[in-house]
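Asker: Let me begin by handing over the structure; questions about it come next.
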Amino acid sequence: MDRGRLLQSIAWLGLGAFCLWGYWRSQQTVTLLLDDRIISIRTHQRTVAGALREAGVSLRPEDEVSPAPDQEIRPPALIRVRRAQPVWIRVEGRGTEPSRQLRVYTLHWDPEAILRQAGVEREPGDALWVDGQPWPFSAKATDGGAPPREIRIQRAAPLVLRLEDGSRRVILTTAPTVGAALREAGFSLHPADRLIPGPETMLNGGLQVSLFRARPITVEADGRVQVVHTTARTVRDLLWELGLSLHGQDRVIPEEGAALQGGETVQVIRVREDFEIEESPIPFRTVWEPDPNLELDTWVQKAPGRNGLLQRRIRVRYENGQAVAREVVDETVVRPPEPRVWVYGTKIVVRTLETPEGPVEYWRRIRMLATSYSASTAGVHPSASYFGRTRTGLPMQRGIVAVDPRVIRLGWRVYVPGYGIGLAADTGGGIIGRRIDLGYNDEDLVLWYRWVDVYLLTPVPPPESIPYVLPDWPSPPP
């Protein structure tokens with residue numbers, strides 16, 4: 001009996017083992033590709049959902065499963081599962097819009113697609129950061145298909161910019177300050193540009209800003225030349241801005257009310273006046289006094305003469321240190337001049353001169369420079385009606401001499417050693433002072449150029465026609 005029970009137990013064990021083997025043989029092997037992992041499972045489930053549930057894989061609506069969860073498992077029994085990843089989306093409002101954040105599960109790596117999935121609209125000017133970096137960026141943190149961990153949107157606020165020409169420009173910006181917003185919009189700001197409100201003003205929605213551009217102006221003042229950038233609109237405003245004041249007669253070019261366009265040169269001219277005392281001599285004059293007891297051509301100095309002294313008070317106008325105008329305010333004769341007095345003789349003495357032609361009487365002897373000429377050498381063209389005629393109308397011939405009537409009157413007779421007696425009947429452009437031109441016929445012209453004594457022959461002319469004081473030009477050599 002014991003042996004029978006043993007056989008029965010063995011039979012039941014064999015049957016159980018056979019059943020277990022049959023159950024095991026009825027399972028199928030399924031390959032599960034879960035994200036980046038490969039898992040092999042054996043299951044009696046006939047659908048994808050059953051196999052995943054049996055394997056302990058929970059699904060979200062956003063997960064991607066292939067084949068679909070309700071599909072039967074068919075050879076090659078491969079199930080692919082991509083689980084959606086959580087992404088935090090933070091929207092930072094500006095102005096009246098509140099800030100908010102939400103979490104979304106997604107299979108997308110492109111931030112724009114994730115925002116569309118979450119129903120978040122990106123507006124013009126908004127700034128987008130992905131995992132702390134501004135988007136778009138060249139080396140994407142999400143390369144390889146992995147979604148980002150965080151997306152942050154900063155809403156742009158409108159900034160109304162008013163320019164000098166009256167135009168307006170609306171700038172959508174996420175910058176924190178006015179200055180940063182303008183730089184982002186492509187406006188380079190010079191330190192001298194004027195912003196109202198200032199560049200450090202924090203932005204909020206609808207802020208209005210006025211920009212006044214600084215212009216380069218060359219300023220010349222007080223010995224310095226400098227180029228300044230200024231928002232001043234007139235010369236007066238510029239001077240006030242630079243601390244340059246005008247005093248007294250100071251002036252500025254252009255005038256104070258002139259508008260500035262940029263690129264001009266503004267000159268500040270410092271004006272002052274001073275007085276100078278200037279002294280100058282007053283030349284004395286020469287006075288001639290006749291003396292009937294002195295022989296003709298004799299001179300005696302009676303008084304040497306002395307210059308006077310004139311004192312002038314002069315107003316001098318200086319512009320930037322340079323004298324530009326002088327005006328005589330008054331004059332004072334400190335010392336009057338004293339004339340030089342010459343006494344000349346008027347006593348005429350008739351003398352006799354022995355000549356090769358015989359004795360001649362003369363009443364005056366003058367040292368003169370003698371030259372000679374004829375009709376053809378007088379500088380008159382032969383076709384001229386007055387060719388060969390003298391100043392007095394006499395025909396040109398030997399015995400006619402040309403003189404300066406201030407020395408020898410026309411009509412007087414003279415004697416020149418080596419020439420003979422001549423009649424003063426002609427003048428000439430170069431015959432001035434102590435010059436005498438001796439006339440010849442063309443055929444017997446003798447050239448002269450030497451100093452000689454010229455004798456004025458009797459009769460003695462009336463006193464009123466005699467030039468008692470003769471010019472001293474030209475002067476004979478010593």
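Asker: Does Leu238 count as assigned to a loop (DSSP other than H, G, I, E, B) and either in contact (Cβ under 8 Å) with a residue 24 or more places away in the chain or surrounded by 11 or more Cβ atoms within 10 Å (Cβ to Cβ) (or both)?
Answerer: no
Asker: I'd like the full set of residues that are within 15 Å of Ile196 (Cβ to Cβ) and either touching a residue at least 40 places away in the same chain (Cβ under 8 Å) or touching a helix residue (DSSP H, G or I) at 6+ places or on another chain (Cβ under 7 Å) (or both), limited to the stretch 165-182.
Answerer: Within the stretch 165-182, no residue meets the criteria.
Asker: Return the residue satisfying two criteria in turn: it lies in the stretch 130-171 and is within 20 Å of Tyr105 (Cβ to Cβ) and modelled with pLDDT under 75, and of such residues it is nearest to the chain's Cα centre (by Cα).
Answerer: Per the stated criteria, the residue is Ala141.
Asker: In a loop (DSSP other than H, G, I, E, B), in contact with a strand residue (DSSP E or B) (Cβ under 6 Å, 6 or more places away or on another chain) and surrounded by 13 or more Cβ atoms within 10 Å (Cβ to Cβ): is that true of Leu244 in this structure?
Answerer: Against the criterion (in a loop (DSSP other than H, G, I, E, B), in contact with a strand residue (DSSP E or B) (Cβ under 6 Å, 6 or more places away or on another chain) and surrounded by 13 or more Cβ atoms within 10 Å (Cβ to Cβ)), Leu244 qualifies.
Asker: Output the residues belonging to the stretch 60-76 that are buried (at least 16 other Cβ atoms within 10 Å of the Cβ) and touching a helix residue (DSSP H, G or I) at 6+ places or on another chain (Cβ under 7 Å).
Answerer: If the condition is that a residue be buried (at least 16 other Cβ atoms within 10 Å of the Cβ) and touching a helix residue (DSSP H, G or I) at 6+ places or on another chain (Cβ under 7 Å), then Val65, Pro69, Ile73 are the ones that fit.
Asker: Check off (1) of a type outside the set (A, V, I, L, M); (2) more than 27 Å from Arg60 (Cα to Cα); (3) not in a loop (DSSP other than H, G, I, E, B) for Pro136 and give me the number that stays unchecked.
Answerer: (3)
Asker: Can you tell me which of Gly198, Gly186 is over 30 Å from the mean Cα position of the chain (by Cα) and either farther than 30 Å from Pro98 by Cα or exposed (fewer than 15 other Cβ atoms within 10 Å of the Cβ) (or both)? Quick ask: steps written out before the conclusion?
Answerer: Numbers: Gly186 fails: over 30 Å from the mean Cα position of the chain (by Cα).
Checking each option against the conditions leaves just Gly198.
Asker: Further question: Return a yes/no flag: does the stretch 96-114 have any residue that is under 21 Å from Glu184 (Cβ atoms), assigned to a strand (DSSP E or B) and at pLDDT below 80.
Answerer: no
Asker: Listed residues Ala258, Ala303, Ala214; which is modelled with pLDDT under 90 and farther than 30 Å from Tyr362 by Cβ?
Answerer: Ala214
Asker: Quick one: in the stretch 355-406, of everything that is of a type in the set (Phe, Trp, Tyr) and surrounded by 14 or more Cβ atoms within 10 Å (Cβ to Cβ), which residue is farthest from the chain's Cα centre (by Cα)?
Answerer: Only one residue tops the list, namely Tyr362.
Asker: Identify, from the list Thr298, Thr332, Thr352, Thr286, the residue that is exposed (fewer than 14 other Cβ atoms within 10 Å of the Cβ), assigned by the TED database to the domain that holds Asp437, out of contact with any helix residue (DSSP H, G or I) (no Cβ under 6 Å at 6 or more places or on another chain) and among the polar types (S, T, N, Q).
Answerer: Exactly one of Thr298, Thr332, Thr352, Thr286 is exposed (fewer than 14 other Cβ atoms within 10 Å of the Cβ), assigned by the TED database to the domain that holds Asp437, out of contact with any helix residue (DSSP H, G or I) (no Cβ under 6 Å at 6 or more places or on another chain) and among the polar types (S, T, N, Q), namely Thr352.
Asker: Can I ask one more? Looking at the stretch 422-466, which of the residues that are part of a loop (DSSP other than H, G, I, E, B) and among the hydroxyl-bearing types (Ser, Thr, Tyr) is surrounded by the fewest Cβ atoms within 10 Å (Cβ to Cβ)?
Answerer: Thr458
Asker: Would you point out the residue of the stretch 302-328, among those that are surrounded by 11 or more Cβ atoms within 10 Å (Cβ to Cβ) and closer than 30 Å to Lys347 by Cα, that is farthest from the chain's Cα centre (by Cα)?
Answerer: Across the stretch 302-328, the extreme among qualifying residues is Lys302.
The values are calculated or read from the model by the stated rules, or taken from the named source; none is laboratory data. It should be emphasised that the depicted structure is a prediction, and the values quoted were computed from it without experimental measurement. Cβ: placed from backbone, ideal geometry, glycine included. Neighbour counts: every protein chain shown.
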